[in-house]
Amino acid sequence: MAQLGEDSFAAGDRLMSVHEAVAALFARIRSVAEIEVVSLVEAEGRVLAEDLIAPIDLPGFDNSAVDGYAVRFDDLAQAAETVLDIGGRVAAGHELAAAKTLRRADLAGKAVRIFTGAAMPDGMDTVFMQEDCRDAEEGRVGLPPGLSRGDNCRLRGEDIRAGEAALAAGRRLRPEDLGLAAALGVDRLSVRRRLKAAIFSTGDEIVSPGAPLKPPAVYDANRFLLHGLLRRQGVEVTDLGVLPDDAAKIATALRAAALSHDLVLTSGGVSTGEEDHVKAAISDGGSLVFWRLAIKPGRPVAMGVIEGAPFVGLPGNPVAVFVTFAFIVRPLIAALSGARFQPLRAIPVKSGFAYQKKAGRREYVRVVLTRDAAGAIVAEKYGVEGAAVLTSLTRTQGFVELPEDVKKIAPGDPVNFIDYDLIR
């Protein structure tokens, strides 16, 4: 398991900004050391452990980008149609089939019928698309003016040269990355092992779905929300269920989970109430990093170290869980897995709402996107703002992010939109 010292961070009671929290994570957290070699079909979503160096040029030879006719550019008239004899034919994966009366060296002043992906005949450097050409008398083709030398050709190594880094270590592998590796002839990649996370919820009022529900109990949404978010990050999840509001039991469960997992996540019990026991348990059994962030929703977040493993106690409200996972847990997972962290991309849109907030706090407003009469994209705020309102996530498309220095938003103001689908 990844290990942290209990003095890895400096704890304090002031509200820590999201930027400070993420910077502290990457400055101090070490990634898992174990490396696995997996096949390409198993590598999607994994973190590349070492640079992939291209073993060959890509493409490996000059080839045609279209179906058409290959020629030597110097054989073309520049201002008028050029009519050339067809001296051969070449298809992808095959050698040039030259006319019986010609040798390859005799193709000067000739055109060769060529197909997409076929190797360019020696000395030929330009390809005409077949739909631009005119059939002349039998065995000849008319070629229009206007092309430049090298048009419709893919040159050897233009994609990547042998010896170059094709993929950098720390990259979370996507399907297109696997396609590049395969095109280079690589069938296995070295990746960091998957992280192991334990999750549980706390609260005497929390009941697992499927169990009888008696007032004033509520069904647990947070564990299942977390499970899905963690799986999106490629993390192996152990579900430890629901723990009662008992500081001793919570502390025991935290220590046991920390010994066999890289990360422990809980929800609920991290505020300042008398029945909020998670903060006390982490303070007694480990080291508390921070427990309040300058973020809304999601201010009560406890980050700590137990038995050398990082722990995050998330708020009890589902929307706050979603927000703090996106902007705190996601970077933590990247740091632990050795991934290069990619901040969520923000898209500039127009605000369709008025809003006021406190300075010094970053806020995330749930919105849907529409278009105004001029076609501009407009973000409209969801009508119910409560951090417990799950439909405010299922009926919206993303967040408008309001930075710490913003106090007021008016309709028409430029704002930054973050799509939920990017939280992966």
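The values are calculated or read from the model by the stated rules, or taken from the named source; none is laboratory data. Being a predicted model, the structure only gives us computed values, none of them experimental. Note that we place each Cβ from the backbone using ideal geometry, even for glycine, and neighbour counts take in every protein chain shown. All accessible areas refer to the heavy atoms of the entire protein, side chains included, with ligands and DNA or RNA removed. Shrake-Rupley method; radii C 1.70, N 1.55, O 1.52, S 1.80 Å.
Here are some notes:
- Test: residue in segment 238-251 that is in contact with a strand residue (DSSP E or B) (Cβ under 7 Å, 6 or more places away or on another chain), among the polar types (S, T, N, Q) and crowded, with 20+ Cβ neighbours inside 10 Å: no
- Scanning segment 299-325 for residues that are open to solvent by less than 10 Å² (accessible area, probe 1.4 Å) and in contact with a Phe, Trp or Tyr (Cβ under 8 Å, 6 or more places away or on another chain) gives Val301, Ala302, Met303, Gly304, Val305, Gly313, Leu314, Val323.
- Elements of type strands (runs of 3 or more DSSP E) contained in segment 16-115, each with 3 or more residues being open to solvent by 30 Å² or more (accessible area, probe 1.4 Å): 35-39, 82-90
- Answer residue from segment 143-165, given it is of a type outside the set (A, V, I, L, M) and outside any loop (DSSP other than H, G, I, E, B) and is most open to solvent (accessible area, probe 1.4 Å) among those: Arg154
- Residue selected from segment 326-356 under the condition more than 24 Å from Leu265 (Cα to Cα) and crowded, with 16+ Cβ neighbours inside 10 Å, by the criterion nearest to the chain's Cα centre (by Cα): Ala346
- Residues of segment 201-224 that turn out to be over 15 Å from Gly313 (Cβ atoms) and either in contact with a helix residue (DSSP H, G or I) (Cβ under 6 Å, 6 or more places away or on another chain) or open to solvent by 50 Å² or more (accessible area, probe 1.4 Å) (or both), as a count: 13
- For segment 17-54, residues that are at pLDDT below 90 and among the aliphatic types (A, V, I, L, M) total 8.
- In summary, Phe353 fulfils each of the numbered conditions (1) closer than 23 Å to Arg330 by Cβ; (2) outside any strand (DSSP E or B); (3) of a type in the set (Phe, Trp, Tyr) with the single exception of condition (1).
- Candidate set: segment 376-385, residues that are of a type in the set (A, V, I, L, M) and in a loop (DSSP other than H, G, I, E, B); chosen: the one least open to solvent (accessible area, probe 1.4 Å): Ala376
- Remark: Asp122 matches the filter, which requires a residue to be exposed (fewer than 14 other Cβ atoms within 10 Å of the Cβ), closer than 16 Å to Arg72 by Cβ, of a type in the set (Asp, Glu) and at pLDDT below 95.
- Consider segment 391-424 and keep the residues that are surrounded by 14 or more Cβ atoms within 10 Å (Cβ to Cβ) and charged (D, E, K, R). The one that is nearest to Gly45 (Cα to Cα) is Arg424.
- Evaluation of Arg232 against (1) open to solvent by less than 40 Å² (accessible area, probe 1.4 Å); (2) under 21 Å from Asn317 (Cα atoms); (3) touching a residue at least 60 places away in the same chain (Cβ under 8 Å) (one fails), failing number: (1)
- Residues in segment 166-182 that are part of a helix (DSSP H, G or I), open to solvent by 50 Å² or more (accessible area, probe 1.4 Å) and over 10 Å from Leu40 (Cα atoms): Glu176 only.
- Residue that is closer than 19 Å to Leu226 by Cβ, open to solvent by 30 Å² or more (accessible area, probe 1.4 Å) and over 22 Å from the mean Cα position of the chain (by Cα), where the choices are Ala373, Ala359, Ala388: Ala388
- Verdict on Ser260 being in contact (Cβ under 8 Å) with a residue 60 or more places away in the chain and either open to solvent by less than 20 Å² (accessible area, probe 1.4 Å) or among the small types (Gly, Ala, Ser) (or both): yes
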